[in-house]
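Report on the structure given below.
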Amino acid sequence: MSKLIRVLTATAVLPGAVLVTAGLLANAWAGRLPDPIATHWNGAPNGSTPVALFTTVCLALGAVATVLLATTAVTALRRGRPVPRITVGVGAAFASLAPATLLSVLVPNLDVPDWHAARAGAVVVLFLLGSAVVGVVAAVVGGLPSPVLETSSERPSVGLRPGQRAYWSGRAENPAMLWWLVAVPAAIAFVPAGLTWPMAIWIALVAGFVAAMTYRLKATVDAKGVTIRFGLGFPWRHIALSHLREATTRELSTFGDTGLGLRFNPVTGTTAYKVRGGPALVLSLASGRTVLVSVDDPETGAGLVNDLLAQRVTRID
């Protein structure tokens with residue numbers, strides 16, 4: 001099976017089959033449904049929507065999500081970018097969510113005299129699990145790593161000699177993130193019909209804790225690989241030397257490359273650990289994915305990674 005067929009099967013055929021099935025069942029059940037139908041439950045049904053409107057909206061959302069997912073995945077494949085399993089899986093599950101929601105609402109409304117008599121809506125859990133299953137199957141079928149790129153001819157180096165040991169640590173911080181995340185909820189409390197002061201203070205405390213975790217970043221390089229840690233030591237990630245292909249550097253814009261914090265770009269397969277714009281360590285993984293780390297003096301860190309990789313290749317155990 002070619003890569004294109006695999007990707008189309010995962011991103012178009014699978015969620016498309018769910019969409020068509022939901023449409024056919026909705027049409028077949030039309031004579032067995034009240035109009036309007038119950039679409040919201042709070043113990044008992046307490047909200048309704050016309051059948052045609054609800055069906056059309058759900059099917060339209062499913063169709064748009066499927067087209068966007070398939071188009072994005074095929075475009076990434078054509079451009080030689082990775083098509084990560086997690087991206088395909090989550091995308092397929094999301095695309096099938098709208099038609100699954102449609103069926104989960106229609107089933108409790110079957111053969112009842114009016115929407116007030118609709119059965120409990122707990123069946124929605126089964127259909128949501130069905131969407132998750134579609135996502136898992138799609139991830140297995142259509143997830144593809146990017147092709148392994150050639151190693152750059154001009155890689156940074158620190159001149160590490162055989163047998164030498166070295167350690168590098170780089171860090172960066174952005175104190176403004178603390179002030180913004182604490183101040184914004186407090187400011188909203190002043191807006192008419194905005195948050196109450198207790199709620200604003202509570203949100204500010206939570207936001208402040210999150211900011212304390214992510215406003216500072218540290219990366220270290222040693223013979224075991226690269227370790228990345230945010231402010232309080234969590235979230236953290238260790239990338240073994242055997243999983244790295246090479247290291248370089250680049251300049252990042254403040255709000256480019258998916259923004260600040262811990263970010264993942266599902267199209268390019270790039271993960272960014274970022275607290276500010278400016279110089280960053282670029283780690284190219286053997287899987288074809290890329291990790292960006294916004295720390296000071298990334299040239300030294302990249303050079304040490306490359307020298308350690310060179311020693312690992314040439315070392316005779």
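The values are calculated or read from the model by the stated rules, or taken from the named source; none is laboratory data. Here the structure is a predicted model, which is why all the values come from computation and not from measurement. Reconstructed Cβ throughout: ideal geometry from the backbone, glycine too, with neighbour counts over all protein chains shown.
Quick look at the values:
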{"item": "Identity of the residue in the stretch 30-58, over 15 Å from Ala117 (Cα atoms) and surrounded by fewer than 17 Cβ atoms within 10 Å (Cβ to Cβ), that ends up farthest from the chain's Cα centre (by Cα)", "result": "Gly31"}
{"item": "Failed item in (1) of a type in the set (Gly, Ala, Ser); (2) at pLDDT 90 or above; (3) in a loop (DSSP other than H, G, I, E, B), with Ala219 passing the rest", "result": "(3)"}
{"item": "Failed criterion for Arg229 (all others in (1) assigned to a loop (DSSP other than H, G, I, E, B); (2) more than 30 Å from Thr75 (Cβ to Cβ) hold)", "result": "(1)"}
{"item": "Some residue of the stretch 33-48 being in contact (Cβ under 8 Å) with a residue 40 or more places away in the chain and assigned to a helix (DSSP H, G or I)", "result": "no"}
{"item": "Unmet requirement for Asp307, which otherwise passes all of (1) in contact with a strand residue (DSSP E or B) (Cβ under 8 Å, 6 or more places away or on another chain); (2) buried (at least 20 other Cβ atoms within 10 Å of the Cβ)", "result": "(1)"}
{"item": "In the stretch 211-235, the residues that are over 22 Å from Gly303 (Cα atoms) and either loosely packed, with under 15 Cβ neighbours inside 10 Å or touching a His at 6+ places or on another chain (Cβ under 9 Å) (or both)", "result": "Leu232, Gly233, Phe234, Pro235"}
{"item": "Hits in the stretch 18-32 (condition: touching a residue at least 12 places away in the same chain (Cβ under 8 Å) and closer than 24 Å to Ala92 by Cα)", "result": "Val18, Leu19, Thr21, Ala22, Gly23, Leu25, Ala26"}
{"item": "Looking only at the stretch 255-277, and only at residues there that are touching a strand residue (DSSP E or B) at 6+ places or on another chain (Cβ under 8 Å) and surrounded by fewer than 16 Cβ atoms within 10 Å (Cβ to Cβ), the one that is modelled with the lowest pLDDT", "result": "Gly259"}
{"item": "Selection from the stretch 129-188 of residues that are β-branched (Val, Ile, Thr), within 30 Å of Gly225 (Cβ to Cβ) and modelled with pLDDT under 85", "result": "Val148, Thr151"}
